[in-house]
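Enquirer: Have a look at the structure that comes next, please.
The values are calculated or read from the model by the stated rules, or taken from the named source; none is laboratory data. Treat the numbers as computed from the prediction; the structure is a model and nothing was measured. All Cβ positions, even for glycine, are placed from backbone atoms using ideal geometry, and neighbour counts span all protein chains on display.
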């Protein structure tokens, strides 16, 4: 039983380990042929350790995560609130349909020039773009989830004389918890991706900017270290969101 459990825990790591070994071999072979465009994972690990020791890793990571979290919070609050309203009111949904379908396809990074004019370089520009990007998946998924709530539950809430606020809090939110966390997990991923992208393109702070500096300094090991670290951060955040989803569902008595 213990061996089976150990194998089940190790199995997901087999393919990543093979990819790393293959990349190590290919990068070393390319270096032997005179190319310095790629760095082996072993060199990236040394660069990662150096960034962790000198503190630049934690400073840039804290900036990116803080900005992504604040932007996600703004986008999620607005998206969830408006999604519930549009999901409960068909007339309101029809009224806002055209505006949503016109604005939603705009790539968030296309707002960088406008945000730079409005807010300049820095946190506010990145916050605005991340909030815009996180708003749309939250809005669309929450609206869809509310529209799929069992109609009889809403009828019972009307019979009981619940106010719109009580109906949303006591009936709608518990019913959409699983789908709400799907939206949140998607929003977290979008927020992190957009935050790093903005830092690469326009904001001289955070993990994206640090990766660009490594590239411009012709430091492939450090650049690869930042790239891998961003992936690890995203993986940890997603795992934490899954655990939070299960905990909240248990607290609210929702069967998943």
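Enquirer: Does residue 180 satisfy the condition of being surrounded by 14 or more Cβ atoms within 10 Å (Cβ to Cβ) and either assigned by TED's automatic domain parsing to the domain that holds residue 52 or more than 21 Å from residue 126 (Cβ to Cβ) (or both)? Let's see the steps before the verdict.
Expert: Details: surrounded by 14 or more Cβ atoms within 10 Å (Cβ to Cβ): yes; either assigned by TED's automatic domain parsing to the domain that holds residue 52 or more than 21 Å from residue 126 (Cβ to Cβ) (or both): yes.
Yes: the conditions hold for residue 180.
Enquirer: Turning to a different aspect of this structure: Does residue 77 satisfy being part of a loop (DSSP other than H, G, I, E, B) and either touching a helix residue (DSSP H, G or I) at 6+ places or on another chain (Cβ under 8 Å) or surrounded by fewer than 20 Cβ atoms within 10 Å (Cβ to Cβ) (or both)? Break it down into steps so the answer makes sense when it comes.
Expert: Numbers: part of a loop (DSSP other than H, G, I, E, B): no; either touching a helix residue (DSSP H, G or I) at 6+ places or on another chain (Cβ under 8 Å) or surrounded by fewer than 20 Cβ atoms within 10 Å (Cβ to Cβ) (or both): yes.
Answer is no for this residue.
Enquirer: Continuing with the same structure: Kindly indicate the residue of the stretch 116-131 that is surrounded by fewer than 22 Cβ atoms within 10 Å (Cβ to Cβ) and at negative phi and also nearest to the chain's Cα centre (by Cα) among those meeting that condition. Explain how you work it out, then say what you get.
Expert: At the first step, the residues of the stretch 116-131 found to be surrounded by fewer than 22 Cβ atoms within 10 Å (Cβ to Cβ) are 116-124, 128.
Still in the list and also at negative phi: 116-119, 121, 123-124, 128.
Values: 116: 22, 117: 26, 118: 25, 119: 23, 121: 22, 123: 17, 124: 18, 128: 15 Å.
Among those residues, the one meeting the criterion is 128.
Enquirer: Another one. Out of the residues in the stretch 32-50 that are farther than 15 Å from residue 226 by Cβ and in a helix (DSSP H, G or I), state the one that is modelled with the lowest pLDDT.
Expert: At the first step, the residues of the stretch 32-50 found to be farther than 15 Å from residue 226 by Cβ are 32-37, 40, 42.
Okay, now just the ones that are also in a helix (DSSP H, G or I), so 32, 42.
Working: 32: 79, 42: 87.
The selected residue is 32.
Enquirer: To continue, here is another question. Is it true that some residue in the stretch 143-158 is buried (at least 19 other Cβ atoms within 10 Å of the Cβ), more than 15 Å from residue 83 (Cβ to Cβ) and modelled with pLDDT under 85?
Expert: Within the stretch 143-158, none of the residues are buried (at least 19 other Cβ atoms within 10 Å of the Cβ), more than 15 Å from residue 83 (Cβ to Cβ) and modelled with pLDDT under 85.
Enquirer: Hey, another quick one. Among 148, 215, which is the only one that is in the same structural domain as residue 86 (by TED's automatic domain parsing), free of Cβ contacts under 8 Å to residues at least 40 places away in the same chain, more than 19 Å from the chain's Cα centre (by Cα) and closer than 30 Å to residue 38 by Cα?
Expert: Working: 148 fails: closer than 30 Å to residue 38 by Cα.
Only one candidate passes the filter, namely 215.
Enquirer: With the requirement that a residue be free of Cβ contacts under 8 Å to residues at least 12 places away in the same chain and either assigned to a helix (DSSP H, G or I) or under 24 Å from residue 130 (Cα atoms) (or both), what does the stretch 51-72 give you?
Expert: Passing the criteria: 52, 53, 54, 58, 59, 62, 66.
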